[in-house]
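A.B. asks: Let me give you the structure first, and then I'll get to my questions.
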Amino acid sequence: MVKECELRRIVSDDVPQVVCGAGGLVLARASPDRDATWHAICNACPIPDQLATDRWACLHLRPLKVASKGEDGRTFREYYACHWFYRLYRHGPPTTMAPCHGCPYWFPRPPMAQMEGLGYWKDQAEVLAEVRAMLDTAENIPPTDVPQTEGGDKTSPPPPEAEAQTVPTRREEVSD
Ligand code: SF4
Ligand code: SF4
């Protein structure tokens with residue numbers, strides 16, 4: 001048995017592929033129902049549980065799964081990127097949903113079928129590509145060069161003034 005996940009897709013060409021939409025990862029290329037390897041990856045993944053149990057799961061959230069550098073290619077790290085604010089985190093988006101808690105811009109996360117109609121997968125791919133690039137260069141950024149809130153906590157919600165710069169750009173892209 002494999003846990004349900006709204007971000008998993010079956011892409012069918014000549015051979016069906018099981019794709020993790022959070023990471024743009026092909027989990028299995030053939031006989032997906034009998035491949036225990038990807039079952040293990042999904043069953044160890046925290047993203048579905050977070051989305052199911054955290055009431056702040058949001059329309060604007062783009063959960064990401066990125067292979068860890070220097071590992072065996074099957075070790076991953078999960079990020080919870082807000083598609084308005086992820087660029088504020090130059091060392092990578094939050095690894096928890098804590099910044100969503102109490103966020104004034106929260107909107108209930110609808111079923112994936114509805115989000116697909118809003119261009120979810122296109123937006124997800126763009127966020128994922130940018131975050132991968134951010135993570136690749138993050139080691140060159142001084143540790144102090146991160147968004148600071150009053151408490152200096154990287155996981156706190158971003159400052160309100162960030163919205164004025166970021167929201168219109170992303171909103172235009174989503175409405176395409
Ligand atoms: S790896 Fe995680 S996010 Fe990706 S399809 Fe599996 S359960 Fe979903
Ligand atoms: S930070 Fe706010 S707007 Fe962004 S995903 Fe979280 S709750 Fe939604």
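Bear in mind that the values in this text are calculations on the coordinates, not laboratory data. The structure presented is a predicted model; accordingly, all values stated were derived computationally and were not measured. All Cβ positions, glycine included, derive from the backbone under ideal geometry; neighbour counts span all protein chains shown.
A.B. asks: Could you calculate the FRET efficiency of Ala40 with Tyr105 from 1/(1 + (r/R0)^6), where r is the beta carbon distance between them and R0 is 45 Å, rounded to 0.05?
C.D. replies: On the way: r = 36 Å, r/R0 = 0.79.
With a Förster radius of 45 Å, E is 0.80.
A.B. asks: Which whole-Hz ³J(HN,Hα) couplings does the range 97-109 yield from phi under the Karplus relation 6.51 cos²θ - 1.76 cosθ + 1.60, θ = phi - 60°, glycine and proline marked x?
C.D. replies: 8, 3, x, 7, 5, x, 5, x, 9, 4, 9, x, 6
A.B. asks: Based on other C-beta atoms within 10 Å, arrange Val127, Val2 from fewest to most.
C.D. replies: Taking fewest neighbouring Cβ atoms as first place, the list is Val2, Val127.
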